[in-house]
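The values are calculated or read from the model by the stated rules, or taken from the named source; none is laboratory data. Predicted model only: the values in this text are computed from it and were never measured. For neighbour counting, all protein chains shown are included, and Cβ atoms are generated from backbone atoms with ideal geometry for every residue, glycine included. Just the protein is used for accessible areas: all its heavy atoms, side chains included, with ligands, DNA and RNA removed. Shrake-Rupley method; radii C 1.70, N 1.55, O 1.52, S 1.80 Å.
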2 protein chains.
Amino acid sequence: MSKERLYLFDTTLRDGAQTNGVDFALEDKLEVARMLDALGIDYVEGGYPGANPTDTTFFSKKRTRSATFTAFGMTKRAGVSVSNDPGLRGLLDAEADAICFVAKTSDYHVKLALGISEEENVESIRQSVTAARDAGREVLLDCEHFFDGYKANPDYALACAKAAYDAGARWIVLCDTNGGTLPEEVEAIVAEVATTIPGDHLSIHAHNDTEQAVANSLAAVRAGARQIQGTLNGIGERCGNANLTSLIPTLMLKPAFSDAFDIGVDVDSLADLSRIAHRFDELVNRSPNRQAPYVGASAFTTKAGIHASAIAKDPRTYEHIDPTHVGNRRQVLVSDQAGKANLVAELERMGLAVARDDSRLEGLLREVKERESVGYAYEAAGASFELLARGILGSVPEYFDVDSFKVEVERRHNALGNLVTVSEAVVKLTVGGERLLTVAEGNGPVNALDKALRKDLGVYRDAIADLELIDYKVRILNGGTGAVTRVLIESADASGNSWFTVGVSENIVDASFEALNDSIVYKLLREGVEPAA
Amino acid sequence: MSKERLYLFDTTLRDGAQTNGVDFALEDKLEVARMLDALGIDYVEGGYPGANPTDTTFFSKKRTRSATFTAFGMTKRAGVSVSNDPGLRGLLDAEADAICFVAKTSDYHVKLALGISEEENVESIRQSVTAARDAGREVLLDCEHFFDGYKANPDYALACAKAAYDAGARWIVLCDTNGGTLPEEVEAIVAEVATTIPGDHLSIHAHNDTEQAVANSLAAVRAGARQIQGTLNGIGERCGNANLTSLIPTLMLKPAFSDAFDIGVDVDSLADLSRIAHRFDELVNRSPNRQAPYVGASAFTTKAGIHASAIAKDPRTYEHIDPTHVGNRRQVLVSDQAGKANLVAELERMGLAVARDDSRLEGLLREVKERESVGYAYEAAGASFELLARGILGSVPEYFDVDSFKVEVERRHNALGNLVTVSEAVVKLTVGGERLLTVAEGNGPVNALDKALRKDLGVYRDAIADLELIDYKVRILNGGTGAVTRVLIESADASGNSWFTVGVSENIVDASFEALNDSIVYKLLREGVEPAA
């Protein structure tokens, strides 16, 4: 049976950037675009060129391989010709495959916010779409406040949409801008619009203000729309946009949709979804939502109780899908037995075969629980977990011993009278009986400490020459500067491997040192280096 | 026009207790029951008496005034008489107004988990309901796996439900236990069931595994169900239960429901909803979800430049409801997304009246955008924004001048041979011509710097005596330890005010210093302190 194509449009980098507390640096945008591209999203909306320096730079070249790279912006202003509108000019200059214009389609908003006539607004839509088409771009029109506008004045809302469609816009995007529309209203209105504009040219842009953005998106698809706009993990202005991370598995795994539609995401990418969702949270420095559908750490976690017997007989009786399809895993918190089974599986994955009745497992489990209760996060720091496990189940070589360190940050006026800050670290360590003393400057206390520690690790120098810190994250676990600090470090080497380590302390320098230390030891262990005699 | 009554059933203390990471003490249960009672919830399910000591104690007396206090438990086991089943006995002994039995209604589960015949299961339902009715209790039956069971074998699922209804159960609760059912399936199945059991005896119990628990609940109501089961803030096993905190405002404020139904919550309680939601998060020690519909801190927060001008003209243009109805408030954020209208509105709120064509606005806007492009986040740091704005539009007093500072962190072995880390800061500053030199120790470099800076601010000491740092957040804006660091500090004082400041630098100590400095200056400014001569 042939299926219809349903398209996904991601606006994480545009509407998602409206999230309170989220702002993307250029590097963040590049990484998100790569993630979305690899996932198989059809359209990546990268931002609003001209609105701020980051977005303008981002659109200086095409940033996706397969996804349609899309620039967002307003239709031309009324009373200005297409060629004299700097905003439109900026959009056409952007290196984008497609342009998504936003225009008001509610007569009330046209009057109130723009202060122009209804016909002027329609004309502005028509001319903007035409100009973008003439410039060789695929065109989308975000119909702002479409549902509210349609309820008040269906003819006008439709006239705006129709003008864009007739001028050659590929997609007419019906936006529930305020997020207050209910699924049955969305379904009814989209069905009506689809009698004028074909459904395979209609898109839905829903917000989560009644916690129904996902339901609204699916209601629109049922009524004929063939594109969904949404964001990773549902970020977005106010309560967020439709959550693509929830929608993708539903579209691919629920027969009501998977029997009818193909989307651009394949099963391998779907199996990477949990990882992508967590990586994205890391990137925007949000704590992952444990209860997130499909990808949350608790999404397939059962506290058993009355379910225990059925779960023991057939786990699928309490799961609506197989968690491995989305790269997640089952967890049953029935007893310590379940925890132990998990642990054994985890150890096996890292090449440590341990019998399930090995008494050392209890000790490791206890240690992990204790450490996690004070702030360690081993789920996010596999390398530190491996060192801990190897230490308890066997041994980890003592490669070196840091006797002491001192970090100094000084801000003062230099000879020219300018304020400068200098960071310096001194590390004293013993390697194979030899006492070493190193000093280094850095652009901050942790950077200086990292440099000093790695500067002269004697016999190990070659083995760690290609070690690089690629990310450093700090989370304060309670309030105030006196609280406990957790540092997560991501390291990588020339062979493309990367690993995560963790440190926890009241003192950020101590916590950083612990994570740096773990990273170096892990690298030496993996290289199979023998400890210096 | 007379409306139909729609009932709310809260299972926060029962299904909510299955949430990974949530554990209610007796005191917690008492407080939650009081909150729900005051809110106007019809049924409060308090737990499973007999399953654990806390729940048994909780049911030693009635814990609600107006809500129907409900005990949860299993129907009697097959092969045991009603009077010989200790579980059922415990339920009947509980001081509850109502008993909510759970029973399997899917033939597969009856076979797999219970290993009894289909008829034995129906008989057990019938006898349990009858026994509870005879004991004077109102009775509900949670039909476990109802939707999956109905899809596989509608006759059997319906037979179980019908047996309870015929035996006098007030409510037949259709449970989507695995949470995988879609709204259109819920609507169709509930409508079919309602041809056998009247809708005003049908209840819906939905889970959020496809992010559609709210939509599924409302779909059931549209199909005739007249009771909704859910939890505060949507807590619950795996991805959570239907979120009553989202459902209540939708039912009361959206005409599609408010024109047709009355619920037990009144407008005054609705206006208390945001407070209740936050109080509940505190109680279970979760960070409130800023993006939560209706009650989240960001639910009515706009950052968009293109939206801000319309909001200034008529706030309702970007709000689906008036935030005060749910005890929330509107917020317009300043950020690099901001337009001038946004800025002027924000300045007005802080008491700085500036004409829209004032040329200094351009300068301020440019400065904000430039600073945000290197990492400042003024939307999250209103106090730093106010200082920046006052500096550009007028002036900020020079209260003090920090000439230099030095921070030292040293880890070494103490006299006992233990590793200890000591942090110390020295600050040199000038206040009103007087040169001051202070030193302090802290449990980290930033804590030491904060203490040293505030230790002896001479004449200002009294004015800042009640200043307290209550949160400290660090974000690394690029990868690696050499990247730019953004520090956000939340401060508060004895009068209950709190404010946010930001600092950005390659060096975490410098960034922290900047945010600390802003916090003190802001406090002095707000206290109306005159700078020392």
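Would you confirm, using the coordinates I've provided, whether residue A:443 is within 7 Å of chain B (Cβ to nearest Cβ) and at pLDDT below 90?
Values: within 7 Å of chain B (Cβ to nearest Cβ): yes; at pLDDT below 90: yes.
Against the criterion (within 7 Å of chain B (Cβ to nearest Cβ) and at pLDDT below 90), residue A:443 qualifies.
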When restricted to B:198, B:183, the only residue in the same structural domain as residue B:68 (by TED's automatic domain parsing), at negative phi and surrounded by fewer than 24 Cβ atoms within 10 Å (Cβ to Cβ) is B:198
Only one of (1) open to solvent by 10 Å² or more (accessible area, probe 1.4 Å); (2) touching a Leu at 6+ places or on another chain (Cβ under 8 Å) does not apply to residue A:287, and that is (2)
Among residues of the stretch A:405-443 being of a type in the set (Gly, Ala, Ser) and over 25 Å from residue B:428 (Cα atoms), the residue least open to solvent (accessible area, probe 1.4 Å) is A:440
Counting only residues in the stretch A:470-485 that are open to solvent by 40 Å² or more (accessible area, probe 1.4 Å) and not in a loop (DSSP other than H, G, I, E, B), the one farthest from the other protein chains (Cβ to nearest Cβ) is identified as A:475
All conditions in (1) more than 14 Å from chain A (Cβ to nearest Cβ); (2) touching a Lys or Arg at 6+ places or on another chain (Cβ under 7 Å) are true of residue B:83 except (2)
What about residue B:399, is it outside any strand (DSSP E or B) and open to solvent by less than 40 Å² (accessible area, probe 1.4 Å)?
-> yes
Considering the stretch A:254-264, residues that are more than 9 Å from every other protein chain (Cβ to nearest Cβ) and assigned to a helix (DSSP H, G or I), and then whichever is surrounded by the fewest Cβ atoms within 10 Å (Cβ to Cβ), we arrive at A:255
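Go through the residues of the stretch B:459-469 one by one and say whether even a single one is within 26 Å of the chain's Cα centre (by Cα) and at pLDDT below 90.
Quick first cut of the stretch B:459-469, residues within 26 Å of the chain's Cα centre (by Cα) only: B:468-469.
Applying the additional criterion that residues be at pLDDT below 90 yields B:468-469.
Yes, the conditions are met somewhere in the stretch B:459-469.
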The number of residues in the stretch A:364-382 that are farther than 15 Å from residue A:475 by Cβ, open to solvent by 80 Å² or more (accessible area, probe 1.4 Å) and of a type in the set (D, E, K, R) is 3
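Residues in the stretch A:352-363: is at least one part of a helix (DSSP H, G or I), open to solvent by 40 Å² or more (accessible area, probe 1.4 Å) and of a type outside the set (Phe, Trp, Tyr)?
Restricting attention to the stretch A:352-363, the residues satisfying the condition of being part of a helix (DSSP H, G or I) are A:360-363.
With open to solvent by 40 Å² or more (accessible area, probe 1.4 Å) added as a condition, the list becomes A:360, A:362.
Cutting the leftovers down to of a type outside the set (Phe, Trp, Tyr) gives us A:360, A:362.
Yes, the stretch A:352-363 contains a residue that is part of a helix (DSSP H, G or I), open to solvent by 40 Å² or more (accessible area, probe 1.4 Å) and of a type outside the set (Phe, Trp, Tyr).
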Do we have any residue at all in the stretch B:156-171 that's outside any helix (DSSP H, G or I) and open to solvent by 40 Å² or more (accessible area, probe 1.4 Å)?
yes
Checking B:315, B:288 in turn, the sole residue that is at pLDDT below 95, in contact with a helix residue (DSSP H, G or I) (Cβ under 6 Å, 6 or more places away or on another chain) and more than 8 Å from chain A (Cβ to nearest Cβ) turns out to be B:288
Scanning the stretch A:75-124 residue by residue, those free of Cβ contacts under 8 Å to residues at least 40 places away in the same chain, crowded, with 17+ Cβ neighbours inside 10 Å and in a loop (DSSP other than H, G, I, E, B) turn out to be A:85
Of the residues in the stretch A:452-465 that are surrounded by fewer than 21 Cβ atoms within 10 Å (Cβ to Cβ) and part of a helix (DSSP H, G or I), the one that is nearest to the other protein chains (Cβ to nearest Cβ) is A:454
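For every residue, the table says whether it meets (1) within 13 Å of chain B (Cβ to nearest Cβ); (2) at pLDDT 75 or above.
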| position | (1), (2) |
| --- | --- |
| A:305 | yes, no |
| A:310 | yes, no |
| A:330 | yes, yes |
| A:335 | no, no |
| A:347 | no, yes |
| A:356 | no, yes |
| A:363 | no, yes |
| A:367 | no, yes |
| A:373 | yes, no |
When the stretch B:501-518 is checked residue by residue, the ones that are in contact (Cβ under 8 Å) with a residue 60 or more places away in the chain, within 11 Å of chain A (Cβ to nearest Cβ) and closer than 19 Å to residue B:372 by Cα are B:508, B:512, B:513, B:515, B:516
The condition from (1) in contact with a Lys or Arg (Cβ under 9 Å, 6 or more places away or on another chain); (2) outside any strand (DSSP E or B) that residue B:437 misses is numbered (2)
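Taking into account only those residues within the stretch B:50-70 that are of a type outside the set (Ser, Thr, Tyr) and within 14 Å of chain A (Cβ to nearest Cβ), which is surrounded by the most Cβ atoms within 10 Å (Cβ to Cβ)? So that I can check it myself, show each step before the final result.
First pass over the stretch B:50-70, keeping only residues of a type outside the set (Ser, Thr, Tyr): B:50-53, B:55, B:58-59, B:61-63, B:65, B:67, B:69.
With within 14 Å of chain A (Cβ to nearest Cβ) added as a condition, the list becomes B:50-52, B:55.
On the way: B:50: 20, B:51: 18, B:52: 13, B:55: 24.
Filtering the stretch B:50-70 for residues that are of a type outside the set (Ser, Thr, Tyr) and within 14 Å of chain A (Cβ to nearest Cβ), the one surrounded by the most Cβ atoms within 10 Å (Cβ to Cβ) comes out as B:55.
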